[in-house]
Amino acid sequence: MHLLTVLLEAILLEASVQAVDISAKKKSGGVAFIGDELNQTPFPEWLTDFTGMTQWPGLVPPYIPLDFIDMDKIPDYNSYSQGVCDANTRDACSFDCDQCLAHDDISTCRKLSQTFDDGPSPATLKLLDYLHHKSTFFTLGINSVNHPDIYHEIQDAGHLIGSHTWSHAYLPSLSNEDIIAQLEWSIWAMNATGNHIPKWFRPPYGGIDNRVRAISRQFGLQAVLWDHDTFDWSLVTNNPFKTEQEIYNDVALWKLVENRGLILEHDGARKTVDVAINILDLLGEDQLSVSECVGGIDYIREF
Ligand SMILES: *[C@@H]1O[C@H](CO)[C@@H](O)[C@H](O)[C@H]1NC(C)=O
Ligand SMILES: [Zn+2]
């Protein structure tokens, strides 16, 4: 199941970065340079001053050292691939392996509320037409700089935006430096596109343990997991975990039995957005954003 998740999410990501390859070919650059026909977020001067770079990176962002990160504060747990859950003892507190939550992880809400990962994508726009309460989007940095107009639509509609890393990496598999790179570039993408620094962070695949947490906390990020999974993304595969009807039955039951919690959904594809609109129809607009769930701030800083 975990491997399937990786594959499917890789496909979804592939779909949204495909335009990058096309324009890279047109420009015959070979690197992940995106032409202005995509209306990319301009690479800001402050980021050139800091990184020496002039273009947004590709799927593997470079590690840029930051003076506020103390490497000595990062515990020495082993890295591991998704689904390989015997690499560390239980005190590593892995969410995806052991459903372990740290004291500062958010995983529930006092009202049953939808959350949306993997955008911004062209499908996001349809979802925005239907959402009339404040909701939460965990965006990929690479998608944000490639779809700044859609990012601004989410922002202008008053929704909360959090980080979902730069390019959807399974963070526990990475070195400390590469985890930092995934987080710093996602933050820079959000700041360059939306003029804000995120407070909330959802690790792709729920991949978080105490090593990842020790890094994300140093950015001031707080991890947001979930307690209700729709498996909506699996509808896009040949062998879905659930039928669409089973997903709606699950949602109806969650509403009936508890009527509280955070629901994991995706706005990276047309199909999952259509499902999200039907779920919204089942739940109604009496939902909260993650910051409202916990009485917290939306962003660490807004410019
Ligand atoms: C955010 O952007 C502002 C410019 O709007 C810049 O001065 C600041 O250094 C940036 N901060 C981060 C952390 O990206
Ligand atoms: Zn995701």
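Computed values, structure above
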item	result
Residues located in the range 34-71, provided they are in a helix (DSSP H, G or I) and over 17 Å from Leu174 (Cα atoms)	Asp36, Glu37, Leu38, Glu45, Trp46, Leu47, Thr48, Asp49, Phe50, Thr51
Helices (runs of 4 or more DSSP H) contained in the range 149-263 and holding at least 3 residues crowded, with 24+ Cβ neighbours inside 10 Å and within 16 Å of ligand 1 (Cβ to nearest atom)	176-194
Matching entry among Ile297, Ile263 (being within 17 Å of the chain's Cα centre (by Cα) and modelled with pLDDT of 95 or more)	Ile263
Top-ranked residue of the range 279-303 - restricted to ones that are over 12 Å from Ser113 (Cα atoms) and surrounded by 15 or more Cβ atoms within 10 Å (Cβ to Cβ), ranked as nearest to ligand 1 (Cβ to nearest atom)	Ile300
Whichever residue in the range 167-202 is within 16 Å of ligand 2 (Cβ to nearest atom) and among the hydroxyl-bearing types (Ser, Thr, Tyr) and, among such residues, is farthest from Asn88 (Cα to Cα)	Ser186
Qualifying positions in the range 75-118 - closer than 23 Å to Val251 by Cα, polar (S, T, N, Q) and exposed (fewer than 15 other Cβ atoms within 10 Å of the Cβ)	Gln99
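The values are calculated or read from the model by the stated rules, or taken from the named source; none is laboratory data. Being a predicted model, the structure only gives us computed values, none of them experimental. As a convention, Cβ positions derive from the backbone with ideal geometry for all residues, glycine included, and neighbour counts pool all protein chains shown.
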